[in-house]
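Chemist: First, the structure itself, so that you have it in front of you.
The values are calculated or read from the model by the stated rules, or taken from the named source; none is laboratory data. The shown structure was predicted, so the numbers you read here are calculated from the model rather than taken from an experiment. All Cβ positions, even for glycine, are placed from backbone atoms using ideal geometry, and neighbour counts span all protein chains on display.
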Amino acid sequence: MLRDVTATRYIAPLREGGSLPGLVEADDTGLWVVKFAGAAQGRKTLVAEVICAELGRRLGLRVPEPAVVRLDPVLGLGEPDPEVQHLLKAGGPNLGVRFLSGALGFDPLGWEMTPADAGRVVWFDALVGNVDRSWRNPNLLVWQGEPWLIDHGATMIWHHHWPSAPKAAARPYDASDHVLARFRPDVRGAAADLAPRVTAELLAEVTAQVPDAWLDGEPGFDGPESLRRAYAEILLRRSRTVHENLLPAPAGRDGERAAR
């Protein structure tokens, strides 16, 4: 299961994006970027973060470790910002992402990447339907000389309306605006390597990491387990064909665009 820690000190808000994450120190002496369960973007953002982080890490991609971070409401007593104070006082289980101290923003113009490495990231983003890794908002950090994938709350957007999820999940993934497009990503090569590793067993392990509290109450499902299976079924189906359903057509192993 996910590491489970308790925040001992609230350090500062990180005013980036709409989720208003905060930096905390926890009882494991580590620093975590916390995304609050009570934030306006809702619990599904946290579900997406966990599934993508755990799946990406199991596929060998660099994604910061996720954790459950529990907050004592007393941490909010000295916070002057009423919005942040409200989130802190809500307490309970929240999502933590390991803080990469000293990390820098990713600049595609100042970085070199092989088509193979770029292809793995683009294939993964296509698998989870990531609509938020563009040149305007790369959601990549450079830490210890390597790029790390962050912020996966805007993935699997089909889970915002489950009745239409199968149809929505079958649509082509538009990679034309992807931040790594300039590196001629070898998506077909990545699919050959990664897709066979996405099994029903792996997805069961990944979805099991999501706390029940973030899955309870979804209309149309009997409970957390049936919802976990729904996530796993769509991701398993997409893993088999998503590389053939990209816009523009994915590159082959030689880095050239493959004809449809």
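Chemist: Can you tell me which of Arg57, Arg62 is closer than 29 Å to Asp193 by Cα, free of Cβ contacts under 8 Å to residues at least 24 places away in the same chain and surrounded by fewer than 20 Cβ atoms within 10 Å (Cβ to Cβ)?
Modeler: Arg57
Chemist: Residue under question is Pro108, and the condition is that it be surrounded by fewer than 19 Cβ atoms within 10 Å (Cβ to Cβ), under 25 Å from Glu233 (Cβ atoms) and out of contact with any strand residue (DSSP E or B) (no Cβ under 7 Å at 6 or more places or on another chain); does it hold? First the steps, then the outcome.
Modeler: Working: surrounded by fewer than 19 Cβ atoms within 10 Å (Cβ to Cβ): yes; under 25 Å from Glu233 (Cβ atoms): no; out of contact with any strand residue (DSSP E or B) (no Cβ under 7 Å at 6 or more places or on another chain): yes.
Spelling it out, it is not the case that Pro108 is surrounded by fewer than 19 Cβ atoms within 10 Å (Cβ to Cβ), under 25 Å from Glu233 (Cβ atoms) and out of contact with any strand residue (DSSP E or B) (no Cβ under 7 Å at 6 or more places or on another chain).
Chemist: For residues that are in contact with a strand residue (DSSP E or B) (Cβ under 7 Å, 6 or more places away or on another chain), at pLDDT below 95 and hydrophobic (A, V, I, L, M, F, W, C), tally how many sit in region 27-45.
Modeler: Summing the residues that are in contact with a strand residue (DSSP E or B) (Cβ under 7 Å, 6 or more places away or on another chain), at pLDDT below 95 and hydrophobic (A, V, I, L, M, F, W, C) in region 27-45 gives 3.
Chemist: A further question follows. Go through region 144-175 and give me each residue that's buried (at least 16 other Cβ atoms within 10 Å of the Cβ), more than 11 Å from the chain's Cα centre (by Cα) and closer than 17 Å to Gly56 by Cα.
Modeler: Within region 144-175, Pro147, Trp148 qualify.
Chemist: In region 132-143, what count of residues is obtained for those that are over 14 Å from Leu104 (Cα atoms), touching a helix residue (DSSP H, G or I) at 6+ places or on another chain (Cβ under 8 Å) and either crowded, with 19+ Cβ neighbours inside 10 Å or without any contact (Cβ under 8 Å) to a residue 40 or more places away in the chain (or both)? Working first, answer last.
Modeler: Step one: filter region 132-143 for residues over 14 Å from Leu104 (Cα atoms), giving 132-136.
Pick out the ones that are also touching a helix residue (DSSP H, G or I) at 6+ places or on another chain (Cβ under 8 Å) and you get 133, 135.
Subsequent filtering for residues that are either crowded, with 19+ Cβ neighbours inside 10 Å or without any contact (Cβ under 8 Å) to a residue 40 or more places away in the chain (or both) retains 133.
Qualifying residue count for the region: 1.
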